[in-house]
Each structure stands twice: as structure tokens, then as C-alpha cells.
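Take a look at the structure set out below.
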Amino acid sequence: MAARLPPRFGAHVSTAGGLEHALERGRSAGCDVVQVFTKSNQQWAARPIEEEELARWRAARRRTGVEPVMAHAAYLINLAAPTAAAQRRAVAALRLESERCRVLGIPYLVIHPGAHRGAGARCGILRAAALIDRWGEASGPGGPRLLLENTAGQGSSLGVTFAELRDLLGAVRGRWPLGICLDSCHLFAAGYELRTTDGVERTLDELERTVGLAHLRAWHVNDSRGAFGSRRDRHAHIGHGELGLRSFRALVNASRLARLPMVVETPKPVPEADAVNVALLRALWGARRVPPRASRLLNRWRRAMESGPRR
């Protein structure tokens, strides 16, 4: 049965030209919500947010009505960093990210749980929990909720299973604002079945038994170029990968996911990429099976992709 209220659909959008442009791009693509990097995701440092830029951002939020905004932390941050120097750098970087979210009024900051680098998952979990405690003690109140994202299982990454996410949340001593963000591509690559309604429901049952649904605050809805259980983190556009439209029909209609932010994180080979992905998700909501209009939209999208990038 379809959820009474749909999820809030959106995409990760560029802040090129100024943070406020991300909101305009999101609105143009039909997004309810957006995710952004508030700074370069491949650099440690960031220039301060100027008052004029902040005023433009706030005006764009009022004008576009895109809410909530999510931020994704830089990929450089390893919460399970093995050395004292790397841990200090990770804490400082996480504080910088969360302070920028506080200034911008962004309620969610998504971050990967880190990599244990050969020390083993249990050791990595304890390191990451201790670093989160250091971040919480240094940051103070008023910042974003930190959302730990599940991973596909590549390398020594943590958060591959619901049990690892549960153990990480349980190892944190402070009562900081925490939660989780699930990625459909990562789940599928890690061996969680999402291709059928029953598979989605069983996955949510396991999530409820281990982590608890109250911790779930957002989804990254990405198709997977990698096969089931492949542990390959390779995002594909909605309907273009191994999951397919049936999987996303089941996800967007799961009653336990009503009103959650669902954000697409895929490449943008053509300007309308985000708009088409969001339109596909909307076409699937409320449907008992994949509707013809979704299939037609996907076929047009595939033809556009085959014709090559356009500017």
C-alpha cells in the first residue's frame, strides 16, 4: 500500500557561482529538498561565509521554499583515522563543516563513518565514536544533526551493515544529535535486497530490529552499476542500473519512509539529469506497479543519454 504522504524528493546540486544558486537549481529541477557541499569536498580549508553571501542564501531559501537542505561532509574526513595527527585533523574538519551548517541553518550533515585501515571493524568503530565525542564536546549546541551514511563495503570502510551502524551509534558516549542516512546503491552492493517490495520490507524490518527507524533521517536514492553484493560503490541514474524502476517504486511507496528526504546523487551528463530523476521518482509514487508514464520517461531519458552530453 502506498504511503499516505510521499517522500520529499530532491538531488545533490552544485553551488557553482554561489551557495544560493544550489537552491535555484533545485527548484528548477522540481526538487522539494537539496543536498550540497558547503565547501570543496576535496579540500580541508574553506573561505569564511561572508554576510552578503549569507543574506543571498537566506533570501533564496525564502524564495524557493526548498526544505530541508542537507549538506554532505568532505570525503577527506576519516572518522576512524588511525593516528593522533589524522584524528586532530578530522575533528577540526568536522567542526568546520558543522559550523558552516550552523551559520547556514542546514539541519543535516551527512558523513561516511570512515575506514579502519586494517585495524578491524571493532577498533574502527571505537575510534570513530571517540572522534564523534570530541567533535560534540568541541562544537556545542545549535549545530546540525550528524547523519552517518552506510557504505558499500569497499576496502576497510565502516558502516557496511546495520549492525555496524548500531554499534557505532551505541559506542558514542555523548548525547549528540546523531542519525543515519541510507544509500540504496550502497545497501544493494553490500547485500541488502531491494529489488522487490518484499525485499524492501525485509530490509526495513532488519533496520528496525538493529538500528531503529527513529534514527533514519534521509535516503540517498541511487541505482547501482554494480551487481548485488558486489561491494562496488558505483551510482547509476534511476532505472539505469541493477536495481531498476521496480525497486524505486517499492522504496518511494514504503509507508515507513513517508516524508523522508530522498536525494539522488548521480552524474549530470545532460542539464536535465536531476529533473528527469526526480520526475521518475514522482511518477512511481502512489503506483501499485511501474506505470507506463515512468517507463516512457525512462526510455526518453535513455535515448537522450545515448545521444551524448549536451551543454
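Observations
- For Ala130, the stated conditions hold: it is over 22 Å from the mean Cα position of the chain (by Cα) and surrounded by fewer than 23 Cβ atoms within 10 Å (Cβ to Cβ).
- The criterion of being open to solvent by 10 Å² or more (accessible area, probe 1.4 Å), within 27 Å of Ala279 (Cα to Cα) and of a type in the set (D, E, K, R) holds for Arg8.
- Any chance Asp205 is in contact with a Leu (Cβ under 7 Å, 6 or more places away or on another chain) and acidic (Asp, Glu): no
- When residues in the range 22-53 are screened for being crowded, with 16+ Cβ neighbours inside 10 Å, over 19 Å from Leu109 (Cα atoms) and not charged (D, E, K, R), 2 of them pass.
- Within the range 68-87, the set of residues being in a loop (DSSP other than H, G, I, E, B), in contact (Cβ under 8 Å) with a residue 24 or more places away in the chain and open to solvent by 40 Å² or more (accessible area, probe 1.4 Å) comprises Tyr75, Leu76, Pro82.
- Residues of the range 208-252 that are open to solvent by 20 Å² or more (accessible area, probe 1.4 Å), aliphatic (A, V, I, L, M) and assigned to a loop (DSSP other than H, G, I, E, B): Ala227 alone.
- Hits in the range 113-147 - residues which are touching a residue at least 60 places away in the same chain (Cβ under 8 Å) and either assigned to a loop (DSSP other than H, G, I, E, B) or out of contact with any Lys or Arg (no Cβ under 8 Å at 6 or more places or on another chain) (or both): Pro144
- Selection count, the range 148-201, where residues are free of Cβ contacts under 8 Å to residues at least 24 places away in the same chain and surrounded by 16 or more Cβ atoms within 10 Å (Cβ to Cβ): 1
The values are calculated or read from the model by the stated rules, or taken from the named source; none is laboratory data. Quick caveat: nothing in here was measured; it's all calculated off a predicted structure. Every residue, glycine as well, gets a Cβ built from its backbone with ideal geometry; the counts of neighbours run over all protein chains shown. Just so you know, the surface numbers come from the protein's heavy atoms only, side chains and all, with ligands and any DNA or RNA stripped out. Shrake-Rupley method; radii C 1.70, N 1.55, O 1.52, S 1.80 Å.
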